[in-house]
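Participant: Below is a structure I'd like to ask you about.
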Amino acid sequence: MSAAGSERQTRSWTSRLSGRIVGLVPKGQWLPDRQPAYVASWIYVFGVATLAGLVLVIATGLILTIGGVTWWHTSSLGHFVNSLHLWSVELFFAAMVIHLWGKFVMSAWRGRRGLTWLTGAFCFFISIGTAFTGYLIQTNFDSQWISTQAKDGLNSAGIGAAFNVMNFGQMVLYHVALLPVGVLLLVGWHIILVRRHGVVPPVGAEVPDAVGAGSVDSTVGSERGLR
């Protein structure tokens with residue numbers, strides 16, 4: 001290839017995008033075909049289960065948004081989708097709590113993974129706000145009771161004007177748009193960090209930072225092997 005052709009290729013948007021992706025996550029670590037043997041432990045399953053629950057939450061939430069905020073009261077299909085949305089939220093939170101506690105016990109911030117831990121923890125707190133606003137827009141007695149009980153507490157904290165739980169339109173905006181965007185951004189950042197640094201090894205099976213998620217070093221060796 002000529003020098004001019006090579007220069008045009010380096011200036012193309014695909015080349016630049018490829019370079020940025022490799023800069024974020026080295027090649028072979030986005031979808032590794034091998035994993036250290038310790039990844040077979042059940043504690044590593046709950047991160048993926050959390051993502052599966054999030055996908056269900058988003059899919060059912062989009063359907064409910066298209067149907068409207070009172071659709072599930074008047075339609076049997078809407079009631080079914082609303083039930084799926086509820087139980088996918090339950091799955092999401094159950095898996096995320098187990099995932100967070102498991103990684104806390106494993107000291108998952110080891111090996112320069114502090115930011116990975118922080119993004120997961122912040123995602124948990126934003127998800128709580130997202131679930132809370134979801135309760136507030138149910139348009140039933142439960143939502144009225146929750147909003148009226150929460151109003152005084154939030155007003156006493158001085159945030160009742162900016163975050164008015166009695167304002168139905170504002171709560172819909174927070175639940176459908178603002179808070180989910182925050183959750184998705186943090187989840188995406190979290191996944192990039194996990195792929196970049198690899199899953200945290202158990203205590204006593206340390207893997208150097210240079211070793212990706214798809215390989216294993218001599219400290220693990222043939223005793224533990226690869227999956």
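Participant: Karplus couplings for the stretch 118-133 from phi (6.51 cos²θ - 1.76 cosθ + 1.60, θ = phi - 60°), rounded to Hz, Gly and Pro as x?
Facilitator: Once rounded to whole Hz, the list reads 5, 5, x, 5, 5, 4, 4, 5, 5, 5, 4, x, 5, 5, 4, 5.
Participant: With Cβ to Cβ distances under 10 Å as the rule, what net charge do the other residues near residue 199 carry (K, R +1; D, E -1)? Could you put the intermediate results ahead of the total?
Facilitator: Numbers: positive: 103, 113, 195; negative: none.
Summing Lys/Arg as +1 and Asp/Glu as -1 gives +3.
Participant: Provide the FRET efficiency to the nearest 0.05 for the residue 41-residue 191 pair, computing r from the beta carbons and using R0 = 22 Å.
Facilitator: Once the sixth-power term is evaluated, E becomes 0.65.
Participant: Here's another thing I want to ask about it. Kindly provide the Kirkwood hydrodynamic radius of the stretch 41-203 in Å, to one decimal, from all pairs of distinct alpha carbon atoms. Please report the intermediate quantities before stating the final value.
Facilitator: On the way: mean 1/r = 0.0585 Å⁻¹.
By the Kirkwood definition, the hydrodynamic radius is 17.1 Å.
Participant: Which value, in debye to the nearest 20, describes the size of the charge dipole of the stretch 80-208 about its Cα centre when Lys and Arg Cβ atoms bear +1, Asp and Glu Cβ atoms bear -1, and nothing else is charged? Present the calculation step by step, with values, prior to reporting the outcome.
Facilitator: Working: 7 positive and 4 negative charges, 118 e Å.
It works out to roughly 560 debye.
Participant: Based on the mean of other beta carbon atoms within 10 Å per residue, what is the order of 107-116, 53-62, most packed first? Show your work: numbers first, answer last.
Facilitator: Numbers: 107-116: 15.8, 53-62: 18.3.
The peptides rank, most packed first, as 53-62, 107-116.
Participant: Quick check: net charge around residue 82, other residues with Cβ under 14 Å of its Cβ, Lys/Arg +1 and Asp/Glu -1? Kindly include the intermediate steps, with their values, before the conclusion.
Facilitator: Values: positive: none; negative: 90, 142.
Charge balance near residue 82 sits at -2.
Each reported figure results from applying straightforward, stated rules to the coordinates on display, with no laboratory input. Since the structure is predicted, the reported quantities are computational estimates derived from the model, not experimental observations. Note: ideal-geometry Cβ built from the backbone for every residue, glycine included; neighbour counts use all protein chains shown.
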